[in-house]
Amino acid sequence: MKKTIRLWCAALAAAALTALATLTAAAPASAATLTEVPNFGTNPSNLRMHLYVPDRVAPRPGVLVVVHYCTGSGPAMHTGTRFAALADQYGYIVIYPSVTRSSKCFDVSSPQALRRGGGSDPVGIMSMVDYVRARYPVDPARIFATGTSSGAMMTNVLLGLYPDVFAAGAAFAGVPFGCFATTGGAEWNSECANGQIIRTPQQWGDLVRNAYPGYTGPRPRMQIWHGTDDDVLRYPNFGEQVKQWTNLHGLSQTPTFTDSPQAGYTRTRYGSSGGNAPVEAISAQGVTHNLPVDAAQAVRFFGLDAPAPTPTS
């Protein structure tokens, strides 16, 4: 089993690194630097926190949590994606969590990680968000999460557990909340990775609702990306995520809007035809787990490319 996990992690890492390499570009001149923050709060799984604050922070900045792939790190996501460069442009703050366990995969499988306040990585990441909120005039309505591969799985988990904190997420090549659940301490769920866990929309939605019993407020918007030829986290996981998030929003499985944002990509929206639809799903024809992280489209979906709305009395 350990050998299998190592092989899967290596495949995840190689695919993610290839995808990120296609998007790495020269950063604009800036005095802002990535800074590690120690002692940021409750941290049951010994995560590390890196923070990027642009030179020009918006008056009421948004916050974006960018979550890495297996064997990756926060600094690797900082240099390998354009989220920091876009933060320079739009004035939001970026948090990059890093795993320290040997696999460098985020915990999206343990009972603790799949229960609000239960412990493990989600609690540590929430401490990072609270740390930033305590020190900057953050707009509480503009806190977001995104990630690729293991980070995409954690994006689903964070939005499921903390719908009162995160306004939206963008998951690049992930799986639904709860799909990777295991018993006995295993980090890897081959059945989920292979796209063999198929549930009804109601069943997927109930997994999220049961993780935070009693919550009746709004659910975060979700943007879902997946390649049809994903050979690590198989393509059926794309449709299962759509089922889960449309159910949580009380929406039909029938898209409200369909288009092609670029050659080979099909975009469907649910609940609205506009760019702020509750659920937006992008399927990339012929793309493997080397799915490019389109930071600009994620930032656009979040609304971080526009000024924060003026608060009303």
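The values are calculated or read from the model by the stated rules, or taken from the named source; none is laboratory data. Nothing here was measured: the structure is a model prediction, and the numbers come from that model. Neighbour counts are summed over all protein chains in view; Cβ atoms, including those assigned to glycine, are modelled from backbone coordinates with ideal geometry. Quick note on the areas: whole protein, heavy atoms, side chains included, nothing else; ligands and nucleic acids left out. Shrake-Rupley method; radii C 1.70, N 1.55, O 1.52, S 1.80 Å.
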Residue hits (the stretch 139-148; open to solvent by less than 10 Å² (accessible area, probe 1.4 Å) and small (Gly, Ala, Ser)) are Ala145, Gly147
The correct count of residues that are under 21 Å from the mean Cα position of the chain (by Cα) and touching a residue at least 12 places away in the same chain (Cβ under 8 Å) in the stretch 199-214 is 8
Looking across the stretch 253-305 at residues that are small (Gly, Ala, Ser) and in contact (Cβ under 8 Å) with a residue 60 or more places away in the chain, the single one that is surrounded by the fewest Cβ atoms within 10 Å (Cβ to Cβ) is Ala296
Of the candidates Tyr136, Tyr96, Tyr90, the one satisfying the condition of being of a type in the set (Ser, Thr, Tyr), at pLDDT 95 or above, within 18 Å of Val165 (Cβ to Cβ) and open to solvent by 60 Å² or more (accessible area, probe 1.4 Å) is Tyr136
Residues of the stretch 151-172 being more than 9 Å from the chain's Cα centre (by Cα) and not hydrophobic (A, V, I, L, M, F, W, C), in sequence order, are Gly160, Tyr162, Pro163, Asp164
Exactly one of Pro44, Pro75 is modelled with pLDDT of 95 or more and in contact with a His (Cβ under 7 Å, 6 or more places away or on another chain), and that residue is Pro75
Reported set for the stretch 262-295 where residues are touching a Leu at 6+ places or on another chain (Cβ under 7 Å) and part of a loop (DSSP other than H, G, I, E, B) is Gly271, Pro278, His289, Pro292, Val293
The residue that is farthest from Val67 (Cα to Cα), considering only those in the stretch 149-203 that are surrounded by fewer than 24 Cβ atoms within 10 Å (Cβ to Cβ) and among the hydroxyl-bearing types (Ser, Thr, Tyr), is Thr200
Is it the case that some residue within the stretch 51-71 is over 21 Å from Asp130 (Cβ atoms), open to solvent by less than 20 Å² (accessible area, probe 1.4 Å), of a type outside the set (Lys, Arg) and touching a residue at least 24 places away in the same chain (Cβ under 8 Å)? yes
(Q) Taking the criterion of being closer than 27 Å to Ala141 by Cα and at pLDDT 60 or above, would at least one residue in the stretch 2-21 satisfy it? (A) no
In the stretch 30-50, anything assigned to a strand (DSSP E or B) and either without any contact (Cβ under 8 Å) to a residue 12 or more places away in the chain or touching a Gly at 6+ places or on another chain (Cβ under 9 Å) (or both) is listed as Leu34, Glu36, Arg48, Met49, His50
Of the conditions (1) out of contact with any Lys or Arg (no Cβ under 9 Å at 6 or more places or on another chain); (2) of a type in the set (A, V, I, L, M, F, W, C); (3) over 29 Å from Tyr235 (Cβ atoms), the single one that Ala76 does not satisfy is (3)
Inside the stretch 105-133, the number of residues satisfying the requirement of being open to solvent by 70 Å² or more (accessible area, probe 1.4 Å) and out of contact with any helix residue (DSSP H, G or I) (no Cβ under 6 Å at 6 or more places or on another chain) is 3
